[in-house]
Amino acid sequence: MRILAGRGWWRGRALAAWATGAADRALPWAPGARTGGAAGDSWALDRLCSSAARKEKVDMSRFPVENIRNFSIIAHVDHGKSTLADRLLELTGTIDKTKNNKQVLDKLQVERERGITVKAQTASLFYNCEGKQYLLNLIDTPGHVDFSYEVSRSLSACQGVLLVVDANEGIQAQTVANFFLAFEAQLSVIPVINKIDLKNADPERVVKQIEKVFDIPSDECIKISAKLGTNVESVLQAVIERIPPPKVHRNSPLRALVFDSTFDQYRGVIANVALFDGVVSKGDKIVSAHTQKTYEVNEVGVLNPNEQPTHKLYAGQVGYLIAGMKDVTEAQIGDTLYLHKQPVEPLPGFKSAKPMVFAGMYPVDQSEYNNLKSAIEKLTLNDSSVTVHRDSSLALGAGWRLGFLGLLHMEVFNQRLEQEYNASVILTTPTVPYKAVLSSAKLIKEYREKEITIINPAQFPDKSKVTEYLEPVVLGTIITPDEFTGKIMMLCQARRAVQKNMVFIDQNRVMLKYLLPLNEIVVDFYDSLKSLSSGYASFDYEDAGYQTAELVKMDILLNGNIVEELVTIVHKDKAQTVGKAICERLKDSLPRQLFEIAIQAAIGSKIIARETVKAYRKNVLAKCYGGDITRKMKLLKRQAEGKKKLRKVGNIEVPKDAFIKVLKTQTDK
Amino acid sequence: RARAGAWAAAARVAQGRRRVEGAGRSPSPVARSQRAALYVHWPYCEKRCSYCNFNKYIPRGVDEAAMRSCLVTEAQTLLRLSGVQRVESVFFGGGTPSLASPHTVAAVLEAVAQTAHLPADSEVTLEVNPTSAPASRLAAFGAAGVNRLSIGLQSLDDTELQLLGRTHSASDALQTLAEARRLFPGRVSVDLMLGLPAQQVGPWLWQLEELLRRCDDHVSLYQLSLERGTALFTRVQRGALPAPDPERAAEMYQEGRALLREAGFRQYEVSNFARHGALSTHNWTYWQCGQYIGVGPGAHGRFVPQGAGGLAREARIQTLEPDNWMKEVKLFGHGTRKRVSLGELELLEEVLAMGLRTDVGITHQHWQQFEPQLTLGDVFGASEEVNRLLEQGLLLLDHRGLRCSWEGLAVLDSLLLTLLPRLQEAWQQKTPSPVPGG
């Protein structure tokens, strides 16, 4: 919550500053507002003063296309992307040099804590070089594969990337994934070897890895220390020299790519745009190619990195645009904007966000349902890639089934709910969207399609009505010191993975490529990989479509009665392991009753796992005399009251806790 | 040396062994509302036991005269308030009441006898800690009017006694037991604990067998319950001790009660066993939901304050802390801290939960005294869930009344989770008595 308030406060003040002009410059900023703000706030404050000093709206026509460079920084987690961004902002005078400039572009608490970038940020840097005024647009991308679509859209607004690699750790899985995204987009790649100041830094080894894996000549690598600022100036030089200016047409009608959007409660949607053709200014009528809705532009400007209004934005430039959009779904990433009555061919590559990991979300206490609902609504205002469907479970009450782009996306969403909205939730074990190719004419008619997607296990069609089942697969990249290769190969095998490739990227590092069922990595693959490699192996994956899979529906039975909320879709080969695990967890969490309980996992009529909870042999208070009666009665009545609320499966009472223990994500940290 | 009061002297003369046969005693000529049991709490101990969370204090010095005078005053005040005419039993519990002087016990009994009728054959029990009770002292308590002893023996294994934080050894306990039997033949009870951390079934059964060779006609078997705030709880919590294994405790209980049955003991309550009719009348009053008056710091009572014009039974708690309690008694004549009126349904719930702890359970006559309109059959007969318990053989509902089977008694708390809601339901459906006019 604090972060949002902080940002809201900043935007509010910034607006006031611009509206009242230079006369307000000397106004002391309310000191109270600074206390308790994140580091970003104090930076924002400095920023505000220097922006206010700029007096005028910037005239963007001063920057001809040949003086513009659009680029991104891509890197594996913790290789120093955000620190390099901080230095570039300082070096170009975009922000003042202070000790507080730590990951300026990472505004969310979770981003700073986890050292990841969730929400892309953009900054326009004004840089003077050899008498020429350059406009360098740094388009920061979300640093994780879950957001690869966002990354690809951000990259499509760029002509080049800085590929940052840690001089100590070398190339990691995400470095590879990011490189190929840039490579496929035909961008210029500038390798930057960072952290050369570290004791164990071995830049030469990294240079060789880059040469081997990416086929980039060794002399193209720039060795820096972003932390100390060493050699960062030459990065800017390289941006100007090695990245081409955008190829655009200022005289053609407007064609702008939406590569990100945020929601501001006062101003509505703020769309980040890259102009491929034409010009846009306040008052223009624009149309969304995706929704075909028309809007009037209220404000355009550049981000440095906060919004700074300008008169116009020209082709080749990157900035923001506010046009009365009420909902982030109106400014979807990848959408094309054009001028009303001057339609253009939309930019290629637009896709609606497609969730790949689903999980049930329920309030811990049903009385918190409305609070949680409003928190989810607020969070999704800024993240249209989360899909929300109302759901209810007999055991957990009313809740939602949420769809996420990937695991990290899910974790981040959950963490933000907890941190920013103080909401405590039950998140069920994530599942993936399976597909079934129907053979039953009746079902095809009912669904109006031959291939259906199954999100809820209850909808799983019977084998007799299906030609085949499909499961989503990903292409995973693992980079590891070779001593762990054996263990990792065993892990992958256990996860039904198929090896596609294996190369040594240097003397003792191996890059493995596997085709993995997504379902096999959604729960604890990453944790297992990290623990068996002492944290050295890195993993990244990309979507690889669907493959045929022998899926079965597994029921969990209590004394012969099916527990609806525990129906699971599993791969045939995994059914027994999964069934056994569920039975064991239930055994540990089901309280004893007056009779024996058989817990069984079954596929159809075949029992594949079984556990037993024995009947109570003794359950009676030993001492009950005068003084104990009140306490005993209170306890009994509370238990009797609780018993009424228990979910009954047959005549077995199942407490909510038992369901939570079985359904909840097991990787509690 | 304590000087026995007039009542004690008379009682000693009249003392015949009174035996409780069948379901308690034959109905007294005095109405239920005119009778009560009296509990007297002595709040001090020498040392804290590792498992005990009772209201007790380890004092530097006790002003026994002040304590005695306050116990006497409060007993008189509450007896008058209750309007009770006949006190059927007195129980000195604690704390460690055997640390009090026999004179104090005599003074309280004297005060009771002066305020209400205390029949000479009334059961007067004293809880005894083996180390604080040499033979001479036990005799003095007898002279003061005590006619029954309950010995906190707990275990016959010195290591276990140490774990429990007891100050006595197994041989101390056996010696006290022998002396007690000599002085109070047929009127001595012993407590034995089961389900201690790391305790094994076999060795525990040997303890019980040994005890059966030495004991009198009354035994209590208590499963240890780990209470928050006790040293034992903390040690288990920290992992310094293994948690008691409930499965093993259940086995000890089952084997133990079978052994006692073979030895001719009647399990007349969940944890209590007696032969030759030596049931505890005082405790029987609790399980039969009779009236009782609690005197002393933290004591609980349940009675109708008829002397103050009250009509409903009240649950009462006296002030916990001894010094504060004494101040209040000196100021107001009593230290009642909390009074809660029990509703009719609440009382019935207690009748059910307490009554089922006994072997006779709730007879139709007993139930009718508390609820003349709804019979036990009305309440429980038609319930599907209750019928399932009857079918399982855990519960019996017949011409005698409602009671637990041998197996059912061990899982009574689970049974109550079905029975209590059923009672509530039946109570709510009970047609209100017709309103005249209308």
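Reported count of residues in the stretch A:607-644, each being under 40 Å from the mean Cα position of the chain (by Cα) and modelled with pLDDT of 95 or more, is 5.
Restricting A:V578, A:V620, A:V570 to those that are assigned to a helix (DSSP H, G or I) and hydrophobic (A, V, I, L, M, F, W, C) reduces the list to A:V578. B:L224 falls short on exactly one of the conditions (1) under 20 Å from B:S150 (Cβ atoms); (2) within 14 Å of another protein chain (Cβ to nearest Cβ); (3) surrounded by fewer than 16 Cβ atoms within 10 Å (Cβ to Cβ), and that condition is (3). Return yes when B:R137 is closer than 20 Å to B:H334 by Cα and basic (K, R) and no when it is not. No, not satisfied. Taken over the stretch B:351-396, the criterion of being within 14 Å of chain A (Cβ to nearest Cβ), surrounded by 21 or more Cβ atoms within 10 Å (Cβ to Cβ) and more than 16 Å from B:L417 (Cα to Cα) is satisfied by B:T358, B:G361. For residues that are touching a residue at least 40 places away in the same chain (Cβ under 8 Å) and among the small types (G, A, S), scanning just the stretch A:281-300, find the one that is nearest to A:S124 (Cα to Cα). Across the stretch A:281-300, the extreme among qualifying residues is A:S288. Considering the stretch B:283-314, the residues that are among the β-branched types (V, I, T) and part of a strand (DSSP E or B) include one that is nearest to the other protein chains (Cβ to nearest Cβ), namely B:I293. The helices (runs of 4 or more DSSP H) found wholly in the stretch B:101-199 and carrying at least 3 residues that are more than 30 Å from B:E227 (Cβ to Cβ) occupy B:102-115, B:135-144, B:170-183. Looking only at residues of the stretch A:370-386 that are over 13 Å from the mean Cα position of the chain (by Cα) and of a type in the set (S, T, N, Q), we find that the one that is nearest to A:E150 (Cα to Cα) is A:S374.
The listed residues are B:G165, B:G195, B:G202, B:G186, and the only one of them that is within 14 Å of another protein chain (Cβ to nearest Cβ) and either out of contact with any Ser or Thr (no Cβ under 6 Å at 6 or more places or on another chain) or surrounded by fewer than 18 Cβ atoms within 10 Å (Cβ to Cβ) (or both) turns out to be B:G195.
Residues in the stretch A:593-652 that are under 16 Å from B:L412 (Cβ atoms) and β-branched (V, I, T): A:V620, A:I629.
Going through the stretch A:398-410 one residue at a time, which ones are buried (at least 20 other Cβ atoms within 10 Å of the Cβ) and farther than 18 Å from A:S384 by Cβ? Correct list: A:G399, A:L407.
Exactly one residue out of A:A640, A:A598 is more than 9 Å from chain B (Cβ to nearest Cβ) and not polar (S, T, N, Q): that is A:A598.
Among residues that are closer than 26 Å to B:S155 by Cβ and among the polar types (S, T, N, Q), B:T96 is included.
Filtered by the rule that a residue be assigned to a strand (DSSP E or B) and more than 14 Å from chain B (Cβ to nearest Cβ), the stretch A:604-617 gives A:K606, A:I607, A:I608, A:A609, A:R610, A:E611. Select from the stretch A:476-498 the residues that are in a strand (DSSP E or B) and at pLDDT below 95 and write down the one among them that is nearest to A:D573 (Cα to Cα). Ranking the candidates gives A:G476 first. Taking B:A240 as meeting all but one of (1) within 28 Å of B:V40 (Cβ to Cβ); (2) part of a loop (DSSP other than H, G, I, E, B); (3) away from chain A (no Cβ under 13 Å), write down the number of the exception. B:A240 satisfies every listed condition except (1). The helices (runs of 4 or more DSSP H) found wholly in the stretch B:356-438 and carrying at least 2 residues that are over 28 Å from the mean Cα position of the chain (by Cα) occupy B:384-391, B:412-429.
Yes or no, residue by residue, for (1) within 28 Å of the chain's Cα centre (by Cα); (2) assigned by the TED database to the domain that holds A:E377; (3) in contact (Cβ under 8 Å) with a residue 40 or more places away in the chain; (4) closer than 30 Å to A:D327 by Cα:
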site: A:E184; (1), (2), (3), (4): yes, no, no, no
site: A:I190; (1), (2), (3), (4): yes, no, yes, no
site: A:L198; (1), (2), (3), (4): no, no, no, no
site: A:D215; (1), (2), (3), (4): no, no, no, no
site: A:E220; (1), (2), (3), (4): no, no, no, no
site: A:A226; (1), (2), (3), (4): yes, no, yes, no
site: A:E233; (1), (2), (3), (4): no, no, yes, no
site: A:F259; (1), (2), (3), (4): yes, no, yes, yes
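Taking (1) within 14 Å of chain B (Cβ to nearest Cβ); (2) among the hydrophobic types (A, V, I, L, M, F, W, C); (3) surrounded by 14 or more Cβ atoms within 10 Å (Cβ to Cβ) in turn, A:L635 satisfies each apart from (3).
Out of the residues in the stretch B:270-282 that are within 30 Å of B:Y57 (Cβ to Cβ) and more than 8 Å from chain A (Cβ to nearest Cβ), state the one that is surrounded by the fewest Cβ atoms within 10 Å (Cβ to Cβ). Out of the qualifying residues, it is B:T281.
The values are calculated or read from the model by the stated rules, or taken from the named source; none is laboratory data. Everything numeric here is computed off the predicted structure, so don't read it as measured data. In this analysis, Cβ positions are derived from the backbone assuming ideal geometry, glycine residues included, and neighbour counts consider all displayed protein chains.
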